[in-house]
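The values are calculated or read from the model by the stated rules, or taken from the named source; none is laboratory data. Nothing here was measured: the structure is a model prediction, and the numbers come from that model. Methodologically, a virtual Cβ is constructed for each residue, glycine included, from the backbone with ideal geometry; neighbour enumeration extends over all protein chains shown.
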Amino acid sequence: MAEAQVKPRTLPYVAAITDGVRAVLREQDNAFVVGEDVAGAGGVYGYYKGILKEFGPDRIYDTPISEEGIVGLGVGASATGCRPIIDLMFMDFMGECMDEISNQMAKMRYMFGGRVTLPVTMLTMAGAGASLAAQHSQSLEAWICHLPGLKVVMPTTPYDAKGLIISAARDNNPVIVVLNKMSLGMMGEVPEESYAIPIGEANIVRPGANYTIVAIGRMVHEALKAAEQLKDLGIDAEVIDPRSLQPFDTATVVKSVEKTHRALVVHEAVRFGGIGAEIASQIQELAFDYLDAPVARVGAPFSPVPFSPALEAHYVPNADRIVAEVKKQLGI
Amino acid sequence: MEQITDATLLDIHRRMIRIRIFEETAGKLMEDGKIPGALHLYVGQEAIASAVMVHLSNKDWITSTHRGHGHLIAKGGEFDQMFAELYGKATGYCKGKGGSMHISNLDLGMLGANGIVGGGPPIAVGAGFSNKFRKTDNVSVSFFGDGASNEGSFHEAANMAGLYKLPVIFICENNGYGEYTAQKNHQAIVDVADRAAGYGMPGVIVDGMDAIAVFEAAGEAIKRARAGEGPTLLECKTYRYFDHVGVRGMGLSYRTDEEVEQWRKRDPIESLEKRLADQGILSPEAAQAVHDEVRTQVQDSVRFAEQSPMPDPSTLLEDVYAA
Amino acid sequence: MAIVGLLANPSSGKDVRRLVARASVFDNQEKQAIVRRVIVGAMASGAKRFVYLDDPHGIVRNALAELGVPAEPVDATATGTALDTISAARAMRKAEVEVVITLGGDGTNRAFCLGWPDAVLLPVSTGTNNVFPVLVEATIAGAAAGLLASGALVGEQLSNRQKLIQVQIEGERDDIALIDAVLTRERFIGARALLNPEYLAFAALTRADPAAVGITSIGGLLQPVSTTEDIGLVIEFARDEPPAMTISAPLAPGYYRDLNVASFRTLNFDQPITLSGPGVLAFDGERERELKPGQQATLRLNRNGPRVVDVNLTMRKAAHMGLYHRRPSKEKT
């Protein structure tokens with residue numbers, strides 16, 4: 001049966017998360033999962049389904065609805081010899097635990113003169129598009145990218161979801177893995193074995209010649225659609241998925257802009273003060289002489305995420321808005 | 001209940017003296033402008049840290065507060081590295097990056113002073129969870145104040161400790177003030193121990209000015225935690241001689257001098273020394289010798305700190321991340 | 001005068017015995033609720049005036065305020081220690097209070113009697129051992145007190161004078177015990193609770209009650225002595241020598257221990273017993289006084305203690321006299 005090739009396994013994004021968590025629990029004896037509804041229910045989005053059965057109650061724990069307590073548990077346990085995975089059901093709930101994230105988890109190592117390591121991984125869910133309204137739909141990555149001591153990654157594909165979770169758990173720093181709820185059903189290739197994606201390395205998901213689009217999170221997929229539309233206008237867009245926002249792979253982006261001379265940054269988060277402002281600013285500082293136009297930015301308008309599908313569709317950036325912004329920048 | 005031995009009494013006594021003289025010296029150095037920033041001094045509360053810590057090993061964790069020097073000293077902290085840290089020197093416990101409010105030493109099981117009121121309890125729960133997960137018989141002890149008992153973090157942490165029956169001891173050092181606000185103006189109850197029932201754990205009160213009473217009560221709570229019987233809330237009634245920040249203790253607008261004098265009459269060091277003398281365990285002369293010896297150590301360590309180098313600016317960006 | 005005194009010990013029911021033996025917890029909300037019910041009962045039974053110890057927790061003050069009942073705090077110290085109870089007792093005596101309702105355990109009532117040894121008391125249990133207090137619903141305790149304070153009922157037979165042990169300590173102030181005085185060979189007062197049987201040396205009991213907890217239960221299991229008999233009981237514990245017998249007794253609530261008894265005998269009134277240090281004297285279940293090596297203490301039993309109201313008898317008499325009856329008026333029918 002020489003020609004019988006093993007077909008690559010495909011999984012939805014949600015199952016890739018599970019696969020990543022499973023790989024971590026297998027390879028690290030001192031790893032465990034804590035979070036709201038994670039054990040008995042398998043998580044509100046189901047990505048812990050089967051973990052309790054496979055690993056038993058010593059490795060996954062339901063917690064009270066106590067986000068500050070959960071993050072504090074992650075800090076204390078990671079400082080004392082464990083490698084916890086803590087689950088924050090929605091990124092919006094960071095408001096409930098920002099002290100533990102910002103003042104304890106991010107800073108403890110520095111404050112202690114480097115004499116503690118905090119190998120804690122936090123999984124959390126961002127993203128609009130499900131009519132979950134203003135408190136369950138936000139993309140707040142800018143809050144945490146502003147905090148020295150944290151690493152922040154945003155997987156956009158099933159492959160990246162598994163690989164980045166494994167990398168996060170192997171890292172000796174607090175890493176926040178920002179997942180996207182609208183991507184949970186997306187199918188993609190996910191190898192059986194454990195693999196890591198280096199944190200801090202961007203992925204050029206579509207090479208192109210004369211336009212750079214830096215797309216954050218789920219906007220990668222919208223950027224790819226936009227790139228197809230832009231082809232008809234003679235624009236060959238290069239789409240870059242940074243995957244890691246902190247640390248940020250500036251070099252890859254700058255190198256691309258040096259080649260394309262134009263750039264646009266797109267994210268779901270509110271445009272004002274979003275991570276796109278930082279990226280645009282860096283491009284302008286480091287590649288100013290290569291730029292033929294100011295760096296464009298696409299993001300959500302300056303309002304809370306609305307509930308009604310009619311309003312929400314207008315709120316979340318998409319391929320059409322990316323194309324429109326490119327055209328505006330090019331004057332076409 | 002564990003009977004206290006002479007050796008333990010002398011150990012507690014020495015820890016209390018070490019805290020008292022360290023703190024009085026540090027306060028003066030701050031007033032003289034030699035130590036930068038803000039110090040929250042532990043004077044008056046020495047019995048608590050000292051009598052709890054004699055029950056713990058370096059593998060037992062503690063979390064502390066903004067008033068954290070006493071906890072670190074009682075846990076075995078060295079004066080050299082402590083003064084150096086307060087001075088912001090490279091030889092300090094935190095290489096000059098934490099200062100008074102973040103002073104720590106994980107080798108001693110001390111998970112840091114904490115500049116956030118209520119910052120400690122969730123971390124102590126994490127350490128207690130870790131102890132249980134790693135199947136050790138170690139405990140974690142969270143020191144916090146009456147003020148912190150109003151923070152949500154305390155309530156979340158206490159609930160989780162009760163839920164998972166963690167080996168955590170919550171030690172409330174109730175000194176009657178949350179920063180500059182008297183307890184009667186910041187909470188509807190007087191006994192923080194009353195809150196324990198809400199989290200499925202026993203809550204007990206002990207005189208925090210009496211080292212032997214603290215030793216006995218803390219010993220029971222720690223024994224219970226080591227045996228897997230879960231957390232305890234132990235409230236120690238105590239008093240802060242000095243101001244919330246710095247030294248000045250008298251002539252303050254938010255408390256009376258008479259109140260301070262009342263509490264000073266129950267000074268934990270004086271009352272312990274009297275009983276040690278009564279029982280023939282430590283003569284007043286021998287007690288004085290401990291004071292003198294510690295004072296010399298403090299002076300030597302201040303000199304060490306003053307002669308230590310400042311951190312090189314090149315180290316500014318070190319220790320943000322681990323490799 | 002119809003004055004009822006109110007005293008609630010905020011510290012009772014909170015010590016280390018909650019941890020060691022899971023004794024009852026009385027939080028201060030519960031104590032405040034009890035005081036409120038006491039006041040309601042007393043007012044329904046004729047009490048007009050209240051004086052109280054204004055403790056730092058405001059237990060009585062808040063209960064009075066809830067009901068809108070005017071009352072005067074007595075002039076007492078506010079140290080947050082037993083001294084406040086002692087000074088409040090003195091002040092209540094001076095104010096000629098008819099009957100005092102105390103909330104606490106044996107320790108609270110002992111402290112009260114240090115300030116006013118022969119008061120008329122109605123002790124409601126919110127403490128740990130609670131041998132001295134009576135087990136009665138607070139409303140009815142208040143009612144009985146109200147009946148006596150208002151003069152609706154009079155008569156010494158409605159209360160019983162209690163025994164006590166007077167303790168003289170060489171070179172220091174005197175002390176008392178209402179239930180038991182113990183010498184333990186521990187060295188320090190520490191966390192107060194008396195929990196280590198292996199250090200017990202000697203106990204003198206005003207009563208020996210097999211239906212109670214604490215040291216008195218040991219005597220009760222050896223040879224019961226009631227509150228009405230004019231004798232006490234003395235127990236010598238075996239420490240180094242082999243015991244005459246070993247008794248399993250509840251040393252604290254929920255806390256049975258084996259106790260090695262060398263001997264026991266009855267104790268007559270005024271018969272002095274001399275003990276010497278080093279050691280700690282425990283009264284009514286709590287370590288109270290440290291004795292230096294060689295320091296002596298002398299114990300004497302008598303019946304000079306407080307009068308405790310017999311709630312059952314008082315209420316039966318009130319019923320018999322129809323004090324709560326109201327007949328329909330003839331004009332209206």
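Restricting attention to the stretch C:259-270, does a residue exist that is at pLDDT below 95 and assigned to a loop (DSSP other than H, G, I, E, B)? Taking every residue of the stretch C:259-270 in turn, none turns out to be at pLDDT below 95 and assigned to a loop (DSSP other than H, G, I, E, B).
Among all residues of the stretch B:97-111, there is at least one that is under 20 Å from A:Arg115 (Cα atoms), more than 10 Å from chain A (Cβ to nearest Cβ) and out of contact with any Ser or Thr (no Cβ under 6 Å at 6 or more places or on another chain). For the stretch C:284-301, filtering for residues that are away from chain B (no Cβ under 13 Å), over 14 Å from C:Val234 (Cα atoms) and of a type outside the set (D, E, K, R) leaves 3.
Here is a yes/no grid of residues against (1) in contact with a Lys or Arg (Cβ under 7 Å, 6 or more places away or on another chain); (2) surrounded by fewer than 24 Cβ atoms within 10 Å (Cβ to Cβ):
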site	(1), (2)
B:Ile21	yes, yes
B:Lys34	no, yes
B:Ala38	no, yes
B:Ser50	yes, no
B:Val54	no, yes
B:Ser64	no, no
B:Arg67	no, no
B:His71	no, no
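With respect to (1) touching a Lys or Arg at 6+ places or on another chain (Cβ under 7 Å); (2) surrounded by fewer than 16 Cβ atoms within 10 Å (Cβ to Cβ), the lone exception for B:Glu46 is condition (2). For the stretch A:79-113, give me each residue that is basic (Lys, Arg) and at the interface with chain B (Cβ under 9 Å from one of its Cβ atoms). Across the stretch A:79-113, the qualifying residues are A:Lys107, A:Arg109.
Here A:Gly114 meets the list (1) surrounded by 23 or more Cβ atoms within 10 Å (Cβ to Cβ); (2) free of Cβ contacts under 8 Å to residues at least 40 places away in the same chain; (3) not hydroxyl-bearing (Ser, Thr, Tyr) almost entirely, failing just condition (1). Scanning the stretch C:205-247 for residues that are buried (at least 24 other Cβ atoms within 10 Å of the Cβ) and either in contact with a Gly (Cβ under 7 Å, 6 or more places away or on another chain) or of a type in the set (Val, Ile, Thr) (or both) yields C:Leu205, C:Thr206, C:Ala208, C:Gly214, C:Ile215, C:Thr216, C:Ile218, C:Leu233, C:Ile235.
So that you can scan it fast, the table gives a plain yes or no per residue for (1) among the basic types (Lys, Arg); (2) outside any helix (DSSP H, G or I); (3) over 22 Å from C:Leu114 (Cβ atoms); (4) within 14 Å of another protein chain (Cβ to nearest Cβ):
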site: C:Ala33; (1), (2), (3), (4): no, no, yes, yes
site: C:Asp55; (1), (2), (3), (4): no, yes, no, yes
site: C:Arg61; (1), (2), (3), (4): yes, no, yes, yes
site: C:Leu64; (1), (2), (3), (4): no, no, yes, no
site: C:Asp84; (1), (2), (3), (4): no, no, no, yes
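Residue count for the stretch A:149-202 satisfying the condition of being of a type in the set (S, T, N, Q), in contact with a helix residue (DSSP H, G or I) (Cβ under 8 Å, 6 or more places away or on another chain) and more than 20 Å from A:Met89 (Cα to Cα): 2. Just to be sure, is B:His40 modelled with pLDDT of 95 or more and under 25 Å from C:Glu286 (Cα atoms)? Taking the combined requirement at face value, the residue does not satisfy it. Here the condition is being under 21 Å from the mean Cα position of the chain (by Cα) and part of a strand (DSSP E or B); of C:Ala211, C:Ala191, C:Ala204, it holds for C:Ala204 alone.
Looking across B:Asp312, B:Asp319, B:Asp267, one residue alone is modelled with pLDDT of 95 or more, crowded, with 17+ Cβ neighbours inside 10 Å and within 14 Å of chain A (Cβ to nearest Cβ). It is B:Asp319. Scanning the stretch B:161-190 for residues that are more than 22 Å from the chain's Cα centre (by Cα), among the hydrophobic types (A, V, I, L, M, F, W, C) and at the interface with another protein chain (Cβ under 8 Å from one of its Cβ atoms) yields a total of 2.
For C:Arg173, are the conditions met, namely being surrounded by fewer than 24 Cβ atoms within 10 Å (Cβ to Cβ), within 14 Å of another protein chain (Cβ to nearest Cβ) and not aromatic (Phe, Trp, Tyr)? So C:Arg173 does not fit the description; no.
Here A:Asp37, A:Asp19 are screened, and the one residue that is among the acidic types (Asp, Glu), at pLDDT 95 or above, in the same structural domain as A:Pro174 (by TED's automatic domain parsing) and in a loop (DSSP other than H, G, I, E, B) is A:Asp37. Evaluating C:Leu153 against the criteria (1) in contact with a helix residue (DSSP H, G or I) (Cβ under 6 Å, 6 or more places away or on another chain); (2) at pLDDT 95 or above; (3) more than 24 Å from C:Leu259 (Cβ to Cβ); (4) in a loop (DSSP other than H, G, I, E, B) leaves one unmet condition, (2). Does C:Ala143 satisfy the condition of being more than 29 Å from C:Pro210 (Cα to Cα), in a helix (DSSP H, G or I) and free of Cβ contacts under 8 Å to residues at least 60 places away in the same chain? The answer is no for C:Ala143.
For B:Ser153, the conditions (1) more than 10 Å from every other protein chain (Cβ to nearest Cβ); (2) in contact with an Asp or Glu (Cβ under 6 Å, 6 or more places away or on another chain) are fulfilled apart from (1).
Only one entry of B:Arg67, B:Arg14 meets the criterion of being of a type in the set (D, E, K, R), in a helix (DSSP H, G or I) and on the phi < 0 side of the Ramachandran plot, and that entry is B:Arg14.
Once the stretch B:270-306 is narrowed to residues that are without any contact (Cβ under 8 Å) to a residue 12 or more places away in the chain, within 14 Å of chain C (Cβ to nearest Cβ) and not polar (S, T, N, Q), the residue that is nearest to B:Ile21 (Cα to Cα) is B:Lys274. Does C:Ala193 fit the bill of being closer than 23 Å to C:Pro293 by Cβ and hydrophobic (A, V, I, L, M, F, W, C)? No; evaluated as a whole, the condition is false for this residue. Return a yes/no flag: does the stretch B:22-34 have any residue that is out of contact with any Leu (no Cβ under 7 Å at 6 or more places or on another chain), polar (S, T, N, Q) and within 14 Å of chain C (Cβ to nearest Cβ). Scanning the stretch B:22-34 turns up no residue that is out of contact with any Leu (no Cβ under 7 Å at 6 or more places or on another chain), polar (S, T, N, Q) and within 14 Å of chain C (Cβ to nearest Cβ). Just one residue in the set B:Ala193, B:Ala158, B:Ala124 is away from chain A (no Cβ under 14 Å) and either among the hydrophobic types (A, V, I, L, M, F, W, C) or free of Cβ contacts under 8 Å to residues at least 24 places away in the same chain (or both); that residue is B:Ala193.
The residues on offer are C:Ala91, C:Ala82, and the sole one that is surrounded by fewer than 23 Cβ atoms within 10 Å (Cβ to Cβ), closer than 25 Å to C:Ala21 by Cα and small (Gly, Ala, Ser) is C:Ala82.
Yes/no per residue for (1) crowded, with 23+ Cβ neighbours inside 10 Å; (2) on the phi < 0 side of the Ramachandran plot; (3) touching a strand residue (DSSP E or B) at 6+ places or on another chain (Cβ under 7 Å):
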site: B:Val141; (1), (2), (3): yes, yes, yes
site: B:Ala148; (1), (2), (3): yes, yes, no
site: B:Gly152; (1), (2), (3): no, yes, no
site: B:Tyr177; (1), (2), (3): no, yes, no
site: B:Val192; (1), (2), (3): yes, yes, yes
site: B:Ala196; (1), (2), (3): yes, yes, yes
site: B:Gly200; (1), (2), (3): no, no, no
site: B:Val206; (1), (2), (3): yes, yes, yes
site: B:Ala227; (1), (2), (3): no, yes, no
